[in-house]
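Please read the structure below before turning to the comments.
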Amino acid sequence: KYSLAPSSAVQWLSGTLDDRVAVQWPREAVPAAAREALDRAFGDSEAVAGIGHTEALRAALEARDSDAIRALAFRGCQDQALRPKLWRALLGLPAGVEAAGDGGKGKGSQDEEEVAQRRVAYRELKSRVPGAEAAKAMEGAGEKTADNGDDEKASTFASLRTEAETEAKAVWRGEAFMEHPEVSAAVTSIVLTHAWRCSQYLRGSCEIAAVLLFAMACGDIAALADAEADAFWCFSHLMTEVQDDLAADAGNLERKVQRMHSLLRAYDHPLADLFEEHGLAAMPAVRLAPALLTRAGFRLADCVRIWDTLLADPRRFEFSDYLIVALLMLVRGELLEGENISGLAETLLSSPQQVDVKELLRSAYAVCAFERRCGPGTKTSFPPRSRSDATEGGLDRRNLDAAVSVAGSRLSSIWGKVVAVGTEAWTVGRSAAFDKAGLGDDANIKDLAGSLLTSAGGLATQYVERARPHVEKAVASATSAAGSAATAATAAFEAYQAGATGTDAATGESTEKEAPSTTAGASAPAPPSAAAAEDEEEERAASAGVPTRGSSAGGVQVAPFEQEWSS
């Protein structure tokens, strides 16, 4: 089996790995309590059945056995109602689980009491955070007192509040849970209360707070106030671990890019070469890894499931590297078939939405097993890594700086795809209009044009979500794409009006239209005034031979919509 290509080995192992194998620990370092918990959950042989994963996890929480809890939680939490207690325990907080036989006098009762006290303490802290109006007033007045340092902090808090509120409204957009205004307000309160308390706010905080809130609320807003308080304390404890990684530090980014690129090269050399060849070697680390995978593009529920494993891992968030490499290997076919840079980047960015999270985790478990049980220095080292491979797998400093820069800048080429979609929609709409012109079916053309507009608009929205750091360029390009789609719809409808012949079924009158003149001497209407970005887009389309707004093409005068279709 060790003669297999590493990517094939991962695929085979992911399908055969037993749930009782604690791959998160080296073989000789698995705690006895972890082995016993896994045997209790899944059975210690084919003849002896286990009590089930959820029951074993609940028993471990009641016993406050950290090794057993980690061993079981690494495979996920199947009971959504149990997850708040599990995550609190994994983060070192009181779980609030009452052990059987406590009778209200044991540690379980003490845990519940401490959870209640922490909720009260959070509400007190939250009440001290200045509101938007108060913060702005203090900022304008420059109030400072020797006795109260809070006033000094408040004087610079207004801009921070604005940033947090804007980010909170944008996170996990499209998720039903986040559509509730009170949820967005709760996320804002969590990150602002932490920032006020610790005098620090980091980009990515809102995504992390949203994941914690979703888990603490079990995906429901019925008990949002208590879930918000619990999420705050989880957030505060977690940030003490990860704030250095979240900080925009060049050294951290360099190490992350090097580590992930070397790992990818070990498991899929062709894929690593492909990214490096196109100058995108840094993109997996730069675009998928930030903020503990919360910005990678996973669905909220899938991200919460992934976090079960991340929080339970003894090495905590090292597992995220394995998960990203597993993700790339699952879509390696699409990546290797990419015809250009934009196609490669698009496949990479859409991959979190395309894969099944269970399959992804199985593959990541396999990578974890190889890394921690067959890593360098072990008796059966796999994948094999010679010294030359290790040297080759790294990016030198000059190439690394370029790769990190390119990972961001190359994304702008994706927006050419949006423009291409609009152009294609115009062409298809015009051709379809001429094909349908003799049918006299007004509704068909309207449906076609409407579908084209919806499709292009949907793609434009998708691109905006995928490239949030480039949102200004995204908005301009999406607007251009929507304009192209509108032009396509106009062309389709006007082509039908210009070329259709027949009799109106309702009135009996002729519906024949006279097409506008397209002789060599005919002059096209002057193009409408537009912003610089729109002018540039029309010049590019004209140079490619594509009709633009206000021009003549195929006997059709193309003009922007002046009013909605009302009939």
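A few remarks follow.
- Of all the criteria given as (1) open to solvent by less than 50 Å² (accessible area, probe 1.4 Å); (2) outside any loop (DSSP other than H, G, I, E, B); (3) in contact with a Ser or Thr (Cβ under 9 Å, 6 or more places away or on another chain), the one not satisfied by residue 359 is (1).
- When 343, 338 are screened for being surrounded by fewer than 19 Cβ atoms within 10 Å (Cβ to Cβ) and not in a helix (DSSP H, G or I), only 338 passes.
- Of all the criteria given as (1) touching a Pro at 6+ places or on another chain (Cβ under 9 Å); (2) open to solvent by less than 20 Å² (accessible area, probe 1.4 Å); (3) not in a loop (DSSP other than H, G, I, E, B), the one not satisfied by residue 302 is (2).
- Failed item, numbered, when residue 71 is tested on (1) modelled with pLDDT of 95 or more; (2) in a helix (DSSP H, G or I); (3) closer than 22 Å to residue 233 by Cβ: (3)
- Among the residues of region 362-385, the ones that are open to solvent by 60 Å² or more (accessible area, probe 1.4 Å) and modelled with pLDDT of 95 or more come to 1 in all.
- When residue 101 is tested against the conditions (1) at pLDDT below 80; (2) open to solvent by 20 Å² or more (accessible area, probe 1.4 Å); (3) assigned to a helix (DSSP H, G or I), the lone failure is (3).
- Test set (1) under 19 Å from the mean Cα position of the chain (by Cα); (2) open to solvent by less than 10 Å² (accessible area, probe 1.4 Å) - residue 261 fails condition number: (1)
- Matching entry among 162, 156, 188 (being at pLDDT 90 or above and β-branched (Val, Ile, Thr)): 188
- Considering the conditions (1) within 26 Å of residue 247 (Cβ to Cβ); (2) open to solvent by 10 Å² or more (accessible area, probe 1.4 Å); (3) not basic (Lys, Arg), residue 353 is excluded by exactly one of them, (1).
- Among the residues making up region 195-231, those that are within 17 Å of residue 243 (Cα to Cα), in a helix (DSSP H, G or I) and under 22 Å from the mean Cα position of the chain (by Cα) are 205, 206, 207, 208, 209, 210, 211, 212, 231.
- Check on residue 289, touching a Ser or Thr at 6+ places or on another chain (Cβ under 7 Å), on the phi < 0 side of the Ramachandran plot and touching a residue at least 24 places away in the same chain (Cβ under 8 Å): yes
- Test: residue in region 39-50 that is in contact (Cβ under 8 Å) with a residue 60 or more places away in the chain, open to solvent by less than 60 Å² (accessible area, probe 1.4 Å) and part of a helix (DSSP H, G or I): no
- Any hit, region 309-317, residues being among the acidic types (Asp, Glu), at pLDDT 95 or above, assigned to a helix (DSSP H, G or I) and touching a helix residue (DSSP H, G or I) at 6+ places or on another chain (Cβ under 6 Å): no
- Matching entry among 216, 239 (being under 30 Å from residue 86 (Cα atoms), in contact with a helix residue (DSSP H, G or I) (Cβ under 6 Å, 6 or more places away or on another chain) and not β-branched (Val, Ile, Thr)): 216
- Listed by first and then second residue, the pairs with beta-carbon distance under 8 Å, at least 6 apart or on different chains, first residue in region 76-97 and on the phi < 0 side of the Ramachandran plot and in a loop (DSSP other than H, G, I, E, B), second of a type in the set (D, E, K, R) and open to solvent by less than 10 Å² (accessible area, probe 1.4 Å), are 77/308.
- Search result, residues across region 267-283 that are assigned to a helix (DSSP H, G or I) and either open to solvent by 20 Å² or more (accessible area, probe 1.4 Å) or in contact with a Phe, Trp or Tyr (Cβ under 7 Å, 6 or more places away or on another chain) (or both): 269, 270, 273, 274, 276, 277, 283
- Applying the criterion of being among the hydroxyl-bearing types (Ser, Thr, Tyr) and closer than 13 Å to residue 256 by Cα to the residues of region 305-335, the residue that is surrounded by the most Cβ atoms within 10 Å (Cβ to Cβ) is 322.
- In region 1-38, residue most open to solvent (accessible area, probe 1.4 Å) [restricted to those that are farther than 17 Å from residue 314 by Cβ and aromatic (Phe, Trp, Tyr)]: 12
The values are calculated or read from the model by the stated rules, or taken from the named source; none is laboratory data. Predicted, not measured: the structure shown is a model, and the values here were computed from it. Counting neighbours? That spans all protein chains shown, and the Cβs are built from the backbone with ideal geometry, glycine included. The protein model used for the area step is the full one, side chains on, heavy atoms only, and it has no ligands, DNA or RNA in it. Shrake-Rupley method; radii C 1.70, N 1.55, O 1.52, S 1.80 Å.
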